[in-house]
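Step one of this worksheet: look at the structure below.
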Amino acid sequence: MLKVSHLSSGYYKNNNIIDDVNFTIDNGEIGVLIGENGSGKTTIFKTILGFIKPKDGSILIDDLNLVNMSLNERAKNIAYVSQNIEMPPLSVYECVLLGRLPYYLLNPTKKDRKICNEVIKELNLEHLKDKNVLELSGGERQRVAIARAIAQEPKLLIFDEPTSNLDIVNEMLLHDVIIKIAKKKNLMILVSLHELNLAYDLGDKFIFVKDGNIVSCGNKETFNEENIKKTFNKECTIIDFEKTKIIKFRRDKNEKED
Ligand code: ADP
(Lines give C-alpha, C1' and ligand atoms only; values in the text may rest on other atoms or scores of the structure.)
Protein backbone atom coordinates (compact mmCIF):
# COMPACT_ATOMS: atom_id res chain seq x y z
CA MET A 1 0.00 0.00 0.00
CA LEU A 2 1.10 3.58 -0.72
CA LYS A 3 0.34 5.92 2.17
CA VAL A 4 0.97 9.63 1.68
CA SER A 5 0.48 11.52 4.96
CA HIS A 6 0.56 15.25 5.67
CA LEU A 7 2.85 15.82 2.68
CA SER A 8 3.97 19.39 2.02
CA SER A 9 6.58 20.54 -0.47
CA GLY A 10 7.58 23.29 -2.87
CA TYR A 11 10.43 24.66 -4.90
CA TYR A 12 11.49 27.54 -2.65
CA LYS A 13 11.92 28.14 1.05
CA ASN A 14 8.76 29.31 2.86
CA ASN A 15 6.59 28.61 -0.17
CA ASN A 16 4.64 25.37 -0.19
CA ILE A 17 3.11 24.36 -3.52
CA ILE A 18 1.39 21.33 -2.03
CA ASP A 19 0.17 21.40 1.53
CA ASP A 20 -0.97 18.61 3.89
CA VAL A 21 -1.65 16.10 1.12
CA ASN A 22 -3.12 12.78 2.31
CA PHE A 23 -4.20 9.72 0.34
CA THR A 24 -3.65 5.97 0.05
CA ILE A 25 -3.49 3.56 -2.89
CA ASP A 26 -3.89 -0.20 -2.47
CA ASN A 27 -2.08 -2.88 -4.43
CA GLY A 28 -3.70 -3.37 -7.84
CA GLU A 29 -5.48 -0.02 -7.54
CA ILE A 30 -5.34 2.84 -10.07
CA GLY A 31 -5.46 6.31 -8.50
CA VAL A 32 -6.22 9.20 -10.85
CA LEU A 33 -5.15 12.75 -9.94
CA ILE A 34 -7.56 15.33 -11.28
CA GLY A 35 -7.00 19.07 -11.19
CA GLU A 36 -6.46 22.20 -13.23
CA ASN A 37 -3.10 22.99 -14.80
CA GLY A 38 -0.84 24.33 -12.09
CA SER A 39 -2.84 22.77 -9.23
CA GLY A 40 0.15 20.73 -8.05
CA LYS A 41 -0.26 17.24 -9.54
CA THR A 42 3.27 17.07 -10.96
CA THR A 43 4.68 18.49 -7.73
CA ILE A 44 3.00 15.65 -5.81
CA PHE A 45 4.61 13.17 -8.21
CA LYS A 46 8.04 14.82 -8.03
CA THR A 47 7.92 14.71 -4.25
CA ILE A 48 6.96 11.02 -4.19
CA LEU A 49 9.71 10.31 -6.74
CA GLY A 50 12.30 12.09 -4.58
CA PHE A 51 13.08 14.86 -7.09
CA ILE A 52 11.93 17.38 -4.46
CA LYS A 53 12.51 16.95 -0.76
CA PRO A 54 9.31 17.22 1.28
CA LYS A 55 9.11 19.97 3.87
CA ASP A 56 6.78 17.85 5.96
CA GLY A 57 5.04 14.48 6.00
CA SER A 58 5.78 10.90 5.04
CA ILE A 59 5.46 8.64 1.99
CA LEU A 60 5.22 4.98 2.90
CA ILE A 61 5.21 1.97 0.61
CA ASP A 62 4.45 -1.12 2.67
CA ASP A 63 5.80 0.61 5.79
CA LEU A 64 9.07 1.67 4.08
CA ASN A 65 9.53 5.43 4.27
CA LEU A 66 10.62 6.67 0.84
CA VAL A 67 11.73 10.05 2.19
CA ASN A 68 14.92 8.58 3.63
CA MET A 69 15.65 6.20 0.78
CA SER A 70 18.49 6.53 -1.75
CA LEU A 71 17.40 7.22 -5.34
CA ASN A 72 18.62 3.78 -6.40
CA GLU A 73 16.54 2.02 -3.73
CA ARG A 74 13.60 4.26 -4.59
CA ALA A 75 13.89 3.18 -8.24
CA LYS A 76 13.27 -0.41 -7.13
CA ASN A 77 9.98 0.72 -5.60
CA ILE A 78 8.74 3.40 -8.01
CA ALA A 79 8.90 3.85 -11.76
CA TYR A 80 7.91 6.95 -13.66
CA VAL A 81 6.58 7.51 -17.16
CA SER A 82 6.81 11.22 -17.86
CA GLN A 83 4.79 13.43 -20.16
CA ASN A 84 7.56 13.99 -22.67
CA ILE A 85 9.26 10.74 -23.33
CA GLU A 86 12.89 11.14 -24.22
CA MET A 87 14.90 8.12 -25.20
CA PRO A 88 18.45 7.57 -26.35
CA PRO A 89 18.88 6.31 -29.93
CA LEU A 90 18.86 2.64 -28.94
CA SER A 91 16.87 -0.40 -29.96
CA VAL A 92 13.57 -1.15 -28.21
CA TYR A 93 15.25 -4.06 -26.39
CA GLU A 94 18.16 -1.90 -25.18
CA CYS A 95 15.76 0.80 -23.99
CA VAL A 96 13.71 -1.67 -21.99
CA LEU A 97 16.93 -3.08 -20.52
CA LEU A 98 17.65 0.41 -19.11
CA GLY A 99 14.81 -0.29 -16.67
CA ARG A 100 17.06 -2.89 -15.03
CA LEU A 101 19.82 -0.33 -14.21
CA PRO A 102 18.93 -0.10 -10.49
CA TYR A 103 19.61 -3.85 -10.20
CA TYR A 104 22.94 -4.53 -11.89
CA LEU A 105 26.42 -3.15 -11.44
CA LEU A 106 28.29 -3.38 -14.73
CA ASN A 107 26.47 -5.72 -17.06
CA PRO A 108 22.89 -6.98 -17.13
CA THR A 109 22.52 -10.54 -15.86
CA LYS A 110 20.62 -13.45 -17.40
CA LYS A 111 17.73 -12.60 -15.07
CA ASP A 112 17.69 -8.95 -16.25
CA ARG A 113 17.51 -10.09 -19.89
CA LYS A 114 14.79 -12.63 -19.12
CA ILE A 115 12.63 -9.99 -17.43
CA CYS A 116 13.07 -7.64 -20.41
CA ASN A 117 12.06 -10.32 -22.89
CA GLU A 118 8.96 -11.14 -20.85
CA VAL A 119 7.89 -7.49 -20.60
CA ILE A 120 8.47 -6.92 -24.33
CA LYS A 121 6.20 -9.88 -25.05
CA GLU A 122 3.54 -8.67 -22.61
CA LEU A 123 3.37 -5.26 -24.28
CA ASN A 124 3.26 -6.67 -27.80
CA LEU A 125 6.59 -5.13 -28.77
CA GLU A 126 8.29 -8.29 -30.01
CA HIS A 127 8.08 -7.33 -33.68
CA LEU A 128 9.78 -4.01 -32.87
CA LYS A 129 12.45 -5.40 -30.56
CA ASP A 130 15.44 -4.54 -32.80
CA LYS A 131 14.06 -1.29 -34.18
CA ASN A 132 15.55 2.05 -33.15
CA VAL A 133 13.12 3.79 -30.78
CA LEU A 134 13.53 7.06 -32.66
CA GLU A 135 11.86 5.41 -35.65
CA LEU A 136 8.70 4.48 -33.72
CA SER A 137 5.32 6.21 -33.64
CA GLY A 138 4.23 8.16 -30.55
CA GLY A 139 1.98 5.32 -29.37
CA GLU A 140 4.71 2.70 -29.85
CA ARG A 141 7.28 4.81 -28.02
CA GLN A 142 4.83 5.25 -25.18
CA ARG A 143 4.56 1.45 -24.92
CA VAL A 144 8.38 1.17 -24.83
CA ALA A 145 8.49 3.71 -21.98
CA ILE A 146 5.93 1.65 -20.08
CA ALA A 147 7.87 -1.56 -20.80
CA ARG A 148 11.03 0.08 -19.44
CA ALA A 149 9.14 1.16 -16.32
CA ILE A 150 7.68 -2.33 -15.77
CA ALA A 151 11.10 -3.94 -16.27
CA GLN A 152 12.14 -1.89 -13.25
CA GLU A 153 9.75 -4.16 -11.25
CA PRO A 154 8.35 -1.29 -9.18
CA LYS A 155 5.56 -1.55 -6.65
CA LEU A 156 4.24 1.86 -7.69
CA LEU A 157 4.05 3.15 -11.25
CA ILE A 158 3.49 6.88 -11.87
CA PHE A 159 2.21 8.31 -15.15
CA ASP A 160 2.14 12.09 -15.63
CA GLU A 161 -0.39 12.96 -18.36
CA PRO A 162 0.62 9.87 -20.33
CA THR A 163 -1.81 10.42 -23.18
CA SER A 164 -1.33 14.12 -23.84
CA ASN A 165 0.44 13.46 -27.16
CA LEU A 166 -1.73 10.57 -28.30
CA ASP A 167 -4.83 10.39 -30.47
CA ILE A 168 -8.03 8.99 -28.98
CA VAL A 169 -7.48 5.43 -30.28
CA ASN A 170 -3.98 5.22 -28.80
CA GLU A 171 -5.20 6.92 -25.63
CA MET A 172 -7.84 4.20 -25.13
CA LEU A 173 -5.33 1.48 -25.96
CA LEU A 174 -2.93 2.89 -23.39
CA HIS A 175 -5.65 2.89 -20.75
CA ASP A 176 -6.30 -0.79 -21.48
CA VAL A 177 -2.58 -1.50 -21.00
CA ILE A 178 -2.52 0.42 -17.70
CA ILE A 179 -5.55 -1.49 -16.37
CA LYS A 180 -4.08 -4.81 -17.49
CA ILE A 181 -0.74 -4.29 -15.76
CA ALA A 182 -2.30 -2.94 -12.57
CA LYS A 183 -4.52 -5.99 -12.20
CA LYS A 184 -2.15 -8.66 -13.53
CA LYS A 185 0.93 -7.52 -11.63
CA ASN A 186 -0.98 -6.17 -8.63
CA LEU A 187 0.84 -2.83 -9.09
CA MET A 188 -0.21 0.45 -7.54
CA ILE A 189 -0.69 3.09 -10.21
CA LEU A 190 -0.90 6.85 -9.92
CA VAL A 191 -1.82 8.78 -13.03
CA SER A 192 -2.72 12.38 -13.81
CA LEU A 193 -5.17 12.94 -16.63
CA HIS A 194 -6.96 15.94 -18.07
CA GLU A 195 -9.54 14.00 -20.10
CA LEU A 196 -12.23 13.48 -17.46
CA ASN A 197 -14.46 11.19 -19.52
CA LEU A 198 -11.63 8.68 -19.82
CA ALA A 199 -10.46 9.27 -16.25
CA TYR A 200 -13.71 7.86 -14.89
CA ASP A 201 -13.23 4.57 -16.75
CA LEU A 202 -9.58 4.23 -15.77
CA GLY A 203 -9.62 5.06 -12.08
CA ASP A 204 -10.50 2.95 -9.05
CA LYS A 205 -9.80 5.97 -6.88
CA PHE A 206 -9.90 9.71 -7.58
CA ILE A 207 -7.75 12.36 -5.95
CA PHE A 208 -9.11 15.84 -6.66
CA VAL A 209 -6.37 18.48 -6.39
CA LYS A 210 -6.90 22.22 -6.13
CA ASP A 211 -4.27 24.85 -5.27
CA GLY A 212 -1.98 22.18 -3.80
CA ASN A 213 -4.66 20.73 -1.53
CA ILE A 214 -6.80 17.62 -1.79
CA VAL A 215 -10.44 18.60 -2.27
CA SER A 216 -11.70 15.02 -2.07
CA CYS A 217 -10.39 11.49 -2.42
CA GLY A 218 -12.32 8.27 -2.83
CA ASN A 219 -13.84 5.63 -5.11
CA LYS A 220 -16.05 6.07 -8.20
CA GLU A 221 -18.81 7.61 -6.06
CA THR A 222 -16.60 10.64 -5.40
CA PHE A 223 -16.49 11.30 -9.14
CA ASN A 224 -19.52 13.54 -8.86
CA GLU A 225 -20.68 16.99 -9.94
CA GLU A 226 -19.95 18.53 -6.55
CA ASN A 227 -16.30 17.47 -6.43
CA ILE A 228 -15.68 18.37 -10.07
CA LYS A 229 -17.21 21.80 -9.49
CA LYS A 230 -15.05 22.37 -6.41
CA THR A 231 -11.94 21.34 -8.35
CA PHE A 232 -12.52 23.33 -11.54
CA ASN A 233 -14.81 26.15 -10.32
CA LYS A 234 -17.17 25.21 -13.10
CA GLU A 235 -20.67 23.75 -13.15
CA CYS A 236 -20.98 20.39 -14.87
CA THR A 237 -23.54 17.69 -15.53
CA ILE A 238 -22.68 14.02 -15.34
CA ILE A 239 -24.78 11.75 -17.54
CA ASP A 240 -24.95 7.95 -17.26
CA PHE A 241 -24.02 6.39 -20.58
CA GLU A 242 -23.94 2.59 -21.02
CA LYS A 243 -21.69 1.46 -18.14
CA THR A 244 -19.83 4.74 -17.89
CA LYS A 245 -20.36 8.48 -17.39
CA ILE A 246 -20.18 11.48 -19.65
CA ILE A 247 -19.12 14.80 -18.11
CA LYS A 248 -20.39 17.93 -19.76
CA PHE A 249 -19.19 21.30 -18.50
CA ARG A 250 -21.65 24.18 -18.68
CA ARG A 251 -20.57 27.50 -20.11
CA ASP A 252 -20.60 30.46 -17.76
CA LYS A 253 -23.24 33.03 -18.73
CA ASN A 254 -20.59 35.51 -19.87
CA GLU A 255 -18.76 32.90 -22.01
CA LYS A 256 -19.48 33.28 -25.71
CA GLU A 257 -21.26 30.47 -27.60
CA ASP A 258 -19.75 29.59 -30.99
P1 ADP B 1 0.16 20.52 -12.47
O2 ADP B 1 0.99 19.29 -12.64
O3 ADP B 1 -1.12 20.29 -11.73
O4 ADP B 1 -0.07 21.25 -13.76
P5 ADP B 1 2.52 21.64 -11.15
O6 ADP B 1 2.80 20.78 -9.98
O7 ADP B 1 3.37 21.46 -12.37
O8 ADP B 1 0.97 21.54 -11.53
O9 ADP B 1 2.64 23.17 -10.72
C10 ADP B 1 2.13 23.65 -9.51
C11 ADP B 1 2.71 25.03 -9.25
O12 ADP B 1 4.12 24.88 -9.03
C13 ADP B 1 2.54 26.02 -10.38
O14 ADP B 1 2.21 27.27 -9.83
C15 ADP B 1 3.91 26.07 -11.03
O16 ADP B 1 4.16 27.33 -11.56
C17 ADP B 1 4.85 25.77 -9.86
N18 ADP B 1 6.07 25.08 -10.33
C19 ADP B 1 6.11 23.94 -11.05
N20 ADP B 1 7.39 23.59 -11.30
C21 ADP B 1 8.18 24.55 -10.74
C22 ADP B 1 9.60 24.76 -10.66
N23 ADP B 1 10.45 23.90 -11.20
N24 ADP B 1 10.04 25.85 -9.98
C25 ADP B 1 9.17 26.72 -9.41
N26 ADP B 1 7.81 26.59 -9.44
C27 ADP B 1 7.32 25.51 -10.11
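The values are calculated or read from the model by the stated rules, or taken from the named source; none is laboratory data. Because the structure is a prediction, the values reported are computed rather than measured. As a convention, Cβ positions derive from the backbone with ideal geometry for all residues, glycine included, and neighbour counts pool all protein chains shown. All accessible areas refer to the heavy atoms of the entire protein, side chains included, with ligands and DNA or RNA removed. Shrake-Rupley method; radii C 1.70, N 1.55, O 1.52, S 1.80 Å.
Numbers at a glance
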read-out: Failed item, numbered, when Ala199 is tested on (1) in contact with a Leu (Cβ under 9 Å, 6 or more places away or on another chain); (2) free of Cβ contacts under 8 Å to residues at least 12 places away in the same chain; value: (2)
read-out: Residue, farthest from Leu156 (Cα to Cα), within the stretch 2-15, restricted to residues that are modelled with pLDDT of 95 or more and either part of a loop (DSSP other than H, G, I, E, B) or among the β-branched types (Val, Ile, Thr) (or both); value: Tyr11
read-out: Condition met for Arg141 (in contact with a Pro (Cβ under 6 Å, 6 or more places away or on another chain) and away from the ligand (no atom under 16 Å from the Cβ)); value: no
read-out: Neighbours by Cβ (under 7 Å, 6+ apart or cross-chain): first from the stretch 91-109, in contact (Cβ under 8 Å) with a residue 40 or more places away in the chain and closer than 14 Å to Lys121 by Cα; second open to solvent by 20 Å² or more (accessible area, probe 1.4 Å) and assigned to a helix (DSSP H, G or I); value: Val96/Arg148
read-out: Condition met for Tyr80 (over 29 Å from Lys229 (Cβ atoms), within 16 Å of the ligand (Cβ to nearest atom), of a type in the set (Phe, Trp, Tyr) and surrounded by 18 or more Cβ atoms within 10 Å (Cβ to Cβ)); value: yes
read-out: Residue ID - nearest to the ligand (Cβ to nearest atom), chosen from residues in the stretch 22-75 that are open to solvent by 30 Å² or more (accessible area, probe 1.4 Å) and in a helix (DSSP H, G or I); value: Thr42
read-out: In the stretch 155-173, residue farthest from the chain's Cα centre (by Cα) [restricted to those that are within 18 Å of Lys184 (Cα to Cα) and open to solvent by less than 10 Å² (accessible area, probe 1.4 Å)]; value: Leu156
read-out: Members of the stretch 186-214 found to be open to solvent by less than 10 Å² (accessible area, probe 1.4 Å) and β-branched (Val, Ile, Thr), listed by number; value: Ile189, Val191, Ile207, Val209
